[in-house]
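To keep things clear, I will list the structure first and then write my remarks on it.
The values are calculated or read from the model by the stated rules, or taken from the named source; none is laboratory data. The shown structure was predicted, so the numbers you read here are calculated from the model rather than taken from an experiment. As a convention, Cβ positions derive from the backbone with ideal geometry for all residues, glycine included, and neighbour counts pool all protein chains shown.
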Amino acid sequence: MAVEWPAIPEYDSRLLMAMEKDMLGLYLSGHPLDSVAALMERHATVTARDFQSTGEEGDPIRLKDGQPVITAGIITEMKSISTRSNKMMAFLTLEDLYGQFEVIVFPNVLESQAQLLAREQPVWVEGRVSVKEEEEPKILAERFLPLAPDGQLPRLPGSGKGGGGRGFQHHGKAPVMEPQHVYSKDAPSPGQPGRLDIRMKVRIPAEIPERDRKAVHALLHYFDGVVPAYVYENGSRASSMKLSVHADPILSDALVRLLGPDNVKIEAS
C-alpha cells in the first residue's frame, strides 16, 4: 500500500538557513548574505578580517580607537542587559563573509532602533571602533539600517573600502520597515519607528498535542529579540512565561499554524 505524504510547503529560506546554522554550525542551502555580498564589498569600510589579530603583539593592523567605520553582516547572537540607570543595552555578535566581531549597542541607540535587531537579521552598522588593551576590538554602534539589495547604502566619497564615509544615502527603493513587526488588525501602530511599544500574547490551550506545545516553546526561544512576549498556558489568565522575541512574520505565521489565529496576538503595549 502506497503512502501518500501531505504536500507541505518548504520552510522560508531565511528560517531554513538559520536552522542549518543552529543545528550544524554551518549553512548548507546558501548563505544569508549571498544577495548582498557585492554591496558589502563596495561599501563596508571594515570587515571581520580587520578585527583579526595580525600584529607582532596581537594588535590589529588597521583599526584605531575612535575610528569611524561602516560595516555589515548578520546578527548571530544578541544579549541584552540592564544598566545601572535601568535602561537596556545590547551586545551583538555580527558575522560577515570573513568571520565574526562584537558590536555594542548603548541604550539611546537600542531604544530608537530595536526593531532592526534580532538573531539572523542582516544589517548595516555605522559606528566607531573601540580598541582597549587586552581586549578584542569592538564597534560602538551609532546607527543601523536594513541590509537589503534595494535598500539604503552607506555614503562613501569614492568606491571601494577607502574613505570612511559618514551618513547614509538612499539608493533605489526605501526599505519596508513594517514587516519587521506584525500587528493585530485592531492594534494601533507604534508612534515612532523602533519604539518598544508593542507586545505579543500567546495562548497555549490545554488540549494542544505535546509535540506542538514543545514546538511553540522552541519557536519563542529561537526568535530572540526585544519585543515582550507573554505566554498563557492551559486557560490560565496569568502568564506562565515572559520572553523577549523578534516579532517577525515568520514567527507569527508559524505560531498561528500551531495554535490558531485567536491564540496569537500582537498589540500596542
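For this structure, a couple of remarks:
- Scanning the stretch 1-45 for residues being basic (Lys, Arg) and not in a helix (DSSP H, G or I) gives a total of 0.
- The residue pairs whose first member lies in the stretch 45-69 and is not assigned by TED's automatic domain parsing to the domain that holds residue 138, whose second member is at pLDDT below 85 and of a type outside the set (Ser, Thr, Tyr), and whose beta carbons are closer than 8 Å, counting only pairs six or more residues apart or on different chains, do not exist in this structure.
- Enumeration of residues in the stretch 9-42 that are under 17 Å from the mean Cα position of the chain (by Cα) and among the basic types (Lys, Arg): 14, 21
- Criterion (modelled with pLDDT under 85, closer than 30 Å to residue 90 by Cα, assigned to a strand (DSSP E or B) and in contact with a strand residue (DSSP E or B) (Cβ under 6 Å, 6 or more places away or on another chain)) met by exactly one of 202, 231, 226, 182: 226
- The set of residues in the stretch 234-247 that are buried (at least 20 other Cβ atoms within 10 Å of the Cβ) and outside any strand (DSSP E or B) comprises 246, 247.
- Any hit, the stretch 114-126, residues being closer than 22 Å to residue 30 by Cβ, among the β-branched types (Val, Ile, Thr) and crowded, with 17+ Cβ neighbours inside 10 Å: yes
- Taking (1) under 17 Å from residue 121 (Cα atoms); (2) at pLDDT 80 or above; (3) out of contact with any strand residue (DSSP E or B) (no Cβ under 6 Å at 6 or more places or on another chain) in turn, residue 26 satisfies each apart from (2).
- Within the stretch 20-45, being surrounded by 15 or more Cβ atoms within 10 Å (Cβ to Cβ) and either β-branched (Val, Ile, Thr) or closer than 21 Å to residue 77 by Cβ (or both) holds for 20, 21, 27, 31, 32, 33, 36, 40, 44, 45.
- Tabulated pairs, the stretch 121-135, first over 25 Å from residue 18 (Cα atoms) and in the same structural domain as residue 44 (by TED's automatic domain parsing), second in a loop (DSSP other than H, G, I, E, B) and among the β-branched types (Val, Ile, Thr), C-beta under 8 angstrom, 6+ apart or interchain: 129/46
- Single residue of the stretch 121-154 satisfying the filter (closer than 30 Å to residue 250 by Cβ, of a type in the set (A, V, I, L, M, F, W, C) and not in a strand (DSSP E or B)) that is modelled with the highest pLDDT: 147
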